[in-house]
Structures are given as structure tokens and as C-alpha cells.
Amino acid sequence: MKRLIKRAFLVLAILFVCCLIGFFVWTQQTYAPTKELLRSVGDIEYEDDWVTFKPSGTNKEVGIIIYPGAKVEPEAYGYLGKRLSDAGYTVGIPKFNLNLAMLEANKAEEWIKRKPSVKKWFIGGHSLGGVSAAAFANENPDVIEGVILLASYPANGDDFSNKDTPILSIYAEKDGLTTKDKIEETKSLLSRETVLFEIKGGNHAQFGMYGEQKGDNQADISARSQQDLIADEMIKWLDNQ
């Protein structure tokens with residue numbers, strides 16, 4: 001009997017280790033930035049494990065933190081980062097351990113501490129990155145001025161419905177992952193100061209520039225066109241905050 005129990009524990013231990021290895025391998029199969037993005041953005045600057053974009057022209061002393069979607073490399077949001085920095089905003093896009101924002105939802109604290117000259121902070125994120133960004137904003141209302149959800153929504157535990165937190169929620173008509181039904185279902189969690197914007201013909205993967213994503217639908221517009229629509233809406237919204 002003891003031998004049988006030992007064998008059972010051994011089998012369970014092996015299965016657990018195999019699951020951990022499988023999970024690690026899965027997290028390393030990332031979505032990399034496209035060549036089009038790299039050509040558009042040019043040289044990308046880094047500060048440790050942050051992709052950073054300094055404001056060009058007039059510095060508005062406003063910082064934007066963008067959490068990448070699950071398994072998406074931060075450089076894939078470089079086009080948005082450059083557009084925002086060209087408009088005068090300081091931008092930081094972090095790389096997370098195991099490429100999952102949910103494992104380090106408080107990582108924004110690092111960037112905020114590094115930039116004491118920034119007077120106002122906004123945080124946003126794509127897909128699961130947006131879920132983690134909303135969680136950070138909900139826990140740090142004295143630090144974060146507003147939230148930008150890119151094909152994303154708050155988790156049930158991060159209810160903004162009774163708050164005045166400014167929120168910009170951008171979603172896409174052809175999104176096969178964060179569907180319009182999901183956006184509609186989670187509207188009740190958004191604040192009284194929420195602006196919703198739908199990208200006609202857009203899909204999930206084109207909230208970054210990293211190519212196609214499993215489970216997504218085909219977009220009717222180009223990645224560059226969708227990125228410009230996102231950037232234009234973000235800048236317009238931020239300029240009014």
C-alpha cells in the first residue's frame with residue numbers, strides 16, 4: 001500500500017512538473033513586432049525592461065503606461081507609443097515576466113517612480129493587459145487619472161460603475177477574442193465618465209502590430225490604418241482630460 005501511494009505521488013509530481021514546463025514554453029511563444037512597425041518607428045529606446053518614448057515638441061508632463069496583451073512583445077505597441085510621444089506624452093511599455101501582465105499588475109509603479117517630472121498618469125492595456133491595467137488603476141486612484149482599454153474590460157473585482165474615473169474603451173468590429181458581445185456584457189463595470197469607440201473593420205491583433213493571432217477574425221482595414229484610428233482617438237481623449 002505504501003509503495004502504491006509513493007508511486008501515485010511520483011506520478012502526480014511528474015505531471016505537475018510537465019505542466020509547469022508546458023506553461024513556460026507556451027509563454028515564450030510570443031507575438032513579435034512586424035517589420036512594418038520597425039520600419040515605421042525606427043530605433044526603439046529601452047530603460048531596463050521598459051520600451052520608452054520621450055515626448056517630442058511640447059512636453060505635456062503627462063505619462064502613459066501601456067500594458068501589452070498576453071504573450072505580445074512590448075515593441076509591438078511601438079507605433080502607438082511613437083504617435084503618443086509625438087503628441088507630447090511620455091510613454092512606457094513594460095516587458096513582463098513570462099510575458100503576462102497578470103503576474104505583475106503593479107509594474108506601473110516602477111515607471112511612475114522613475115519619472116518624477118510627470119504630473120499626471122494614465123494607464124492602459126490591450127486585452128489581458130488592459131484587465132491588469134484596470135486593476136492597477138482601481139487600486140491606485142490617487143495616482144492614476146484615467147484608464148484606456150484597448151479591446152479590453154475590467155475584471156468583475158474592479159468595478160468602476162460608482163466612480164468618476166475617466167475611461168476610454170476602444171474596441172473593434174471584427175475582434176474574434178474580445179468580442180462586441182463581451183464589451184456589451186462588461187459595460188456595467190465601466191465608470192460614469194466612460195467614452196466608447198468602435199473601430200469599424202478592425203480586429204484584435206491590430207491593436208498592436210504583430211501579425212495574425214489565433215482565434216481572431218480577419219480585419220477589413222490595414223494594421224496601420226487601425227493603429228492610426230486608435231492613436232487619434234487616444235490623443236483626442238487625453239487632450240481633453
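The values are calculated or read from the model by the stated rules, or taken from the named source; none is laboratory data. The structure displayed is predicted, hence computed values, not measured ones. All Cβ positions, even for glycine, are placed from backbone atoms using ideal geometry, and neighbour counts span all protein chains on display.
Please find, within segment 78-103, the residue that is nearest to Gly129 (Cα to Cα) out of those that are touching a Leu at 6+ places or on another chain (Cβ under 9 Å) and part of a helix (DSSP H, G or I).
Ala101
For a quick check of your reading of the model, give me the residue pairs whose first member lies in segment 120-136 and is among the basic types (Lys, Arg), whose second is outside any helix (DSSP H, G or I), with beta-carbon atoms closer than 8 Å and at least 6 apart or on different chains.
Lys120/Glu61; Lys120/Val62; Lys120/Gly63; Lys120/Glu145; Lys120/Gln241
Only one of these is surrounded by 14 or more Cβ atoms within 10 Å (Cβ to Cβ) and modelled with pLDDT of 95 or more: Ile44, Ile64. Name it.
Unique residue meeting the criteria: Ile64.
Report, ordered by the first and then the second residue, all pairs with beta carbons closer than 7 Å, sequence separation of six or more or different chains, a first member in segment 213-238 that is assigned by TED's automatic domain parsing to the domain that holds Tyr77 and more than 18 Å from Gly69 (Cα to Cα), and a second member that is aliphatic (A, V, I, L, M) and part of a helix (DSSP H, G or I).
Here the result reads Ile235/Leu84, each pair linking segment 213-238 to a residue that is aliphatic (A, V, I, L, M) and part of a helix (DSSP H, G or I).
In segment 138-163, which residues are over 13 Å from the mean Cα position of the chain (by Cα), free of Cβ contacts under 8 Å to residues at least 60 places away in the same chain and under 25 Å from Asp232 (Cβ atoms)?
Passing the criteria: Ile144, Phe160.
Only one residue in Leu103, Leu38, Leu84 is assigned by TED's automatic domain parsing to the domain that holds Gln213, of a type outside the set (Val, Ile, Thr) and either touching a Ser or Thr at 6+ places or on another chain (Cβ under 6 Å) or surrounded by 19 or more Cβ atoms within 10 Å (Cβ to Cβ) (or both), so which one is that?
Only one candidate passes the filter, namely Leu84.
Give the number of residues within segment 207-239 that are within 14 Å of Gly78 (Cβ to Cβ) and touching a helix residue (DSSP H, G or I) at 6+ places or on another chain (Cβ under 6 Å).
6
Counting residues that are in contact with a Pro (Cβ under 7 Å, 6 or more places away or on another chain) and in the same structural domain as Ser222 (by TED's automatic domain parsing), which strands (runs of 3 or more DSSP E) fully inside segment 124-205 reach at least 1?
Strands (runs of 3 or more DSSP E) meeting the threshold: 144-150.
Would you confirm, using the coordinates I've provided, whether Met234 is part of a helix (DSSP H, G or I) and either modelled with pLDDT under 95 or within 17 Å of the chain's Cα centre (by Cα) (or both)?
Taking the combined requirement at face value, the residue satisfies it.
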